[in-house]
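Right, one structure below, let's go through it.
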Amino acid sequence: MSLEVLRRVAKDKQVFSFQELYKKTRIKKDILNVIISRLEARGFIERIEKGKYLIIPLGSEKGKYTLHEFAIGSLLVEPYAIAYWSALHHYGLTEQIPKTVFIQTPARKKKNVMEIFGVSYRIVRIKSEKFFGLRKDWIEEMPISITDREKTIIDCLDKPHYSGGVIEVAKALKHENLDRGKLSGYARKIGNSAVIRRLGYLCESMNIPIDLPLPVSKKYLLLDPSMPAHGPNNSHWRLVVNLDTSFTEALE
């Protein structure tokens, strides 16, 4: 009976939830819990998180098979998008390999940091009006939602501590396949004046033409809020340039 239940769900997908299996089989929940426990013990499925399971293909060794980390990340919250440093790396906009998979969502989730199959995941909750600029990509034959290149840049300027810092954004801006019109539009749309200032300063420093408004406020903000708050002031963009000489080298 256990394998027959598994065959029913495996026709449609490689990952399933307890609720999906219950709706499909209508087996009593206490009995279904027993079936799932037996399948897990025999190595046919593996638990991703509470109520969510991965079907292990025949011939694969239990504990050594897993999906791509983006595919697993897509199952943790809804709606979602792979974002920040993870998206930067996916597009080849950074040489650094993040140790954490970053997932963006406007939804609430009780647990925002977790480890699954040895991989660290961080779910970053944002305001619904910041949840835009998404595209679909395919990972291991699964559709994955991910921020597009330009939105990834803007998100990383909005929350530099989830991207390896502003220095990684500066390196990413060197790529010629970025749409400057999109960058400008997204920077205005995200609703954070610091993003406009940071993007304006970086583009100006790297001789990248872009249409952005100068700050109205006289208050100075940090170029990189993830770094110590000291450095020279840039009066044009009202920023404290709080980065060391390695940042200057990245701009060249």
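Coordinate-derived values only; no laboratory data. Predicted, not measured: the structure shown is a model, and the values here were computed from it. Glycine gets a Cβ as well: all are built from the backbone with ideal geometry, and neighbour counts include every protein chain shown.
Things worth noting here:
- Within straight-line reach of K189, meaning a Cα separation under 13 Å, sit the following aspartates and glutamates at least 8 residues removed in sequence or on another chain: E129, E150, D155, D158.
- Degrees between helix 180-189 axis and first principal axis of the chain (Cα, 0 to 90, nearest 10): 80 degrees
- Highest-fluctuation residue, A170, A187, A41 considered, GNM on the chain with Cα pairs under 10 Å: A41
- Label-to-label distance, E204 versus E78, with points set 7 angstrom from Cα along the beta-carbon direction: 4.6 nm.
- Approximate spin-label separation H175-N112, in nm, with each point projected 7 Å along Cα-to-Cβ: 2.7 nm
- At R0 = 45 Å, FRET efficiency that the Cβ-Cβ distance of L32 and E95 yields, to 0.05: 0.45
- At most 15 other Cβ within 10 Å, DSSP loop - trypsin sites (Lys or Arg not before Pro), the range 95-127: K99, R108, K109, K110, K111, K127
- Ordering W237, W85 from the fewest to the most neighbouring beta carbons within 10 Å gives W237, W85.
- GluC sites (Glu not before Pro) within the range 53-143: DSSP coil, no more than 14 neighbouring Cβ in 10 Å: E61, E95, E140, E141
- Expressed in Å, the radius of gyration and Dmax of the Cα atoms of the range 69-251 are 16.2, 50.
- Inter-site label distance for Q14 and H161 at 7 Å from Cα along Cβ, in nm: 3.5 nm
- Highest GNM mean-square fluctuation among L32, L178, L88, for the chain modelled with Cα contacts below 10 Å: L32.
- Applying both filters, DSSP loop and at most 16 other Cβ atoms within 10 Å, to the chymotrypsin sites (Phe, Trp or Tyr not before Pro) of the range 108-180 gives F117, F132.
- Under a model in which nothing but the beta-carbon of Lys, Arg (+1) and Asp, Glu (-1) is charged, the chain shows a dipole of about 1400 debye around its Cα centre.
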